[in-house]
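What follows is calculated from the coordinates using simple rules that are stated; it is not laboratory data. Values in this document were obtained by computation on a predicted structure and should not be read as measured data. For neighbour counting, all protein chains shown are included, and Cβ atoms are generated from backbone atoms with ideal geometry for every residue, glycine included.
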Amino acid sequence: MPLSLFWLQGGGCSGDSMALLNLEGPNLFAQLEYIGIELLWHPSLSHGTPRQYDELLAALLAGERPLDILCLEGAVIRGPGGTGMYDTHRRRPKKDLIAALAHRARYVVAVGTCASFGGVGGDGDVEATGLQYRKRQKGGFLGADFTSGAGLPVINLPGCPCHPEIVVRMLASLEGHWALPLNEFNSPLQWYGMLVHQGCIRNEYHEYRVEETDFGRRGCLFFHLGCQGPLTHGPCNKLRWNNRNSKTSAGVPCLGCTDPEFPKQHPFFKTRNIAGIPYDLPEGVDRAHYLAYKGMAAAAAPERLLARKTRV
Ligand code: SF4
Ligand code: SF4
């Protein structure tokens, strides 16, 4: 019997859904059928009438129809003043509907950084929060102790947008009852246990500190152009987008969109420096050793890299 999936939109831009529609070989609907997922409703893709939607919701909330997977895209909006009236469903705060469905579902999945951690609305008066985290702080909307029917916390799949392959592989894992170990922010280590830096085609330039100050060249983007790849957890350079590309392959710095603090309050394309050394160093790296190592590495940079002859 297929697992039922209800997709709900909170405060967001639908970017995760748009990314999901870019799935290739085969497309989203064929993959859901193959995995064994019955899409009960998706706000952009379903074409039932409002009455059918209301009837489905009533049946799910009454427990007359089982709800296996609830996916929330977008943050939970609690403003103004905790009322939730900035985001409503049938004149009632949508946050109440989110809570009711989350308590009915066997699995709850937060798709994207807004649903996971609050994202872009997390600092404003819309009082946005993630389902079980608000930025790095555990709790969020449902509370630190929340578990879904299957006894799991909310599974967070951050990204702005979330990589579509992660979404379908997560759904396949739930259908197959495969245990996926989670990291400290309840994101599967399978995809969030690595850094975007891993697998980047500019790695050799990074090693020897061959860095760019402008776009369109082949060197590393970390030292001047704000690349967050060595600090950001995600598979973007291992599980390439549309099986072809990634930001850093295309010459765009990683913006760190899977991080609980995303978006940060400083310019994306500029590296904050202290005396020429990035303020935020690669994860786990000690500043004193980094200074010594990078100085030596830059001095040892091979000519082919300095001349930007190694293709990326
Ligand atoms: S461009 Fe970014 S991800 Fe690529 S090697 Fe440099 S720091 Fe790492
Ligand atoms: S490269 Fe960085 S900013 Fe781009 S999608 Fe991946 S984690 Fe997000």
Gap separating the Cα centres of region 242-312 and region 54-94, nearest whole Å: 41 Å
In which sequence would PHE29, PHE223 go, from the one with the fewest C-beta neighbours within 10 Å to the one with the most? PHE29, PHE223
Stretch GLU207-GLU303 to full length: gain in nm at 0.36 nm per residue minus the Cα-Cα span? 33.2 nm
Give the shape of region 109-168 as rounded, prolate or oblate, defined through the alpha-carbon gyration tensor: a ≥ b ≥ c are the square roots of its eigenvalues, a/c under 1.5 means rounded, and otherwise the shape is prolate if a/b is larger than b/c and oblate if not. oblate
Counting other beta carbons within 10 Å of each Cβ, put ILE69, ILE35 in order, fewest first. ILE35, ILE69
Expressed in angstrom and rounded, the centroid-to-centroid distance over alpha carbons for region 218-236 and region 121-139 is 25 Å
With contacts defined as alpha carbon pairs under 8 Å and 6 or more residues apart, what's the relative contact order of the chain in percent? 15 percent
Magnitude of the charge dipole, the chain, Cβ model with Lys/Arg +1 and Asp/Glu -1, debye to 20: 680 debye
Read phi for every residue in region 229-239 and hand back ³J(HN,Hα) as whole Hz from Karplus 6.51 cos²θ - 1.76 cosθ + 1.60, θ = phi - 60°, with x for Gly and Pro. x, x, 10, 10, 8, x, x, 4, 9, 10, 10
From the residues THR49, TYR86, LEU39, which one has its Cα farthest along the dipole of the chain in the positive direction, the dipole being from +1 and -1 charges on Cβ of Lys/Arg and Asp/Glu about the Cα centre? TYR86
Residue among PHE185, PHE146, PHE215 with the largest mean-square fluctuation in a Gaussian network model of the chain, springs linking Cα atoms under 10 Å: PHE215
Using DSSP H assignments, which helices in the chain have an axial alpha-carbon span of 15 Å or above and a mean Kyte-Doolittle hydropathy of 0.5 or higher? 164-176
Translational D in µm²/s for region 213-312 (Stokes-Einstein at 10 °C, 1.306 mPa s, Kirkwood Rh from C-alpha pairs): 107 µm²/s
Pull up the cross-link candidates among the aspartates and glutamates for LYS270, meaning alpha carbon to alpha carbon under 14 Å and not fewer than 8 places away within one chain. GLU211, GLU212, ASP214, ASP280
Evaluated over region 15-55, the Cα radius of gyration and Dmax, each in Å: 11.8, 34
Can you sort GLU212, GLU55, GLU64 by how many other beta carbons sit within 10 Å, fewest first? GLU64, GLU55, GLU212
Which Rg and Dmax, in Å, describe the Cα atoms of the chain? 21.3, 69
Would you work out the charge dipole size for region 66-163 about its Cα centre, treating the Cβ of every Lys and Arg as +1 and the Cβ of every Asp and Glu as -1, and quote it to the nearest 20 debye? 160 debye
Under the rule a/c < 1.5 gives rounded, and otherwise a/b versus b/c splits prolate from oblate, where does region 3-188 land using the Cα gyration tensor? rounded
Just to be sure I understand: with springs between alpha-carbon atoms less than 10 Å apart, which residue in TRP178, TRP191, TRP241 has the highest mean-square fluctuation in the Gaussian network model of the chain? TRP178
Packing rank of 151-162, 43-54, where each peptide gets the mean count of other beta carbons within 10 Å, highest leading: 151-162, 43-54
If you count, for each residue, the other Cβ atoms within 10 Å and average over each peptide, how do 287-299, 93-105 line up from highest to lowest? 93-105, 287-299
Lone cysteines, the chain (no partner Cβ under 4.7 Å): CYS13, CYS71, CYS114, CYS162, CYS200, CYS220, CYS227, CYS236, CYS254
Under the rule of -39500 (n - 2.57) per DSSP H run of 4 or more residues, summed and divided by the residues of the chain, what mean residue ellipticity at 222 nm is obtained, to the nearest 500 deg cm²/dmol? -6500 deg cm²/dmol
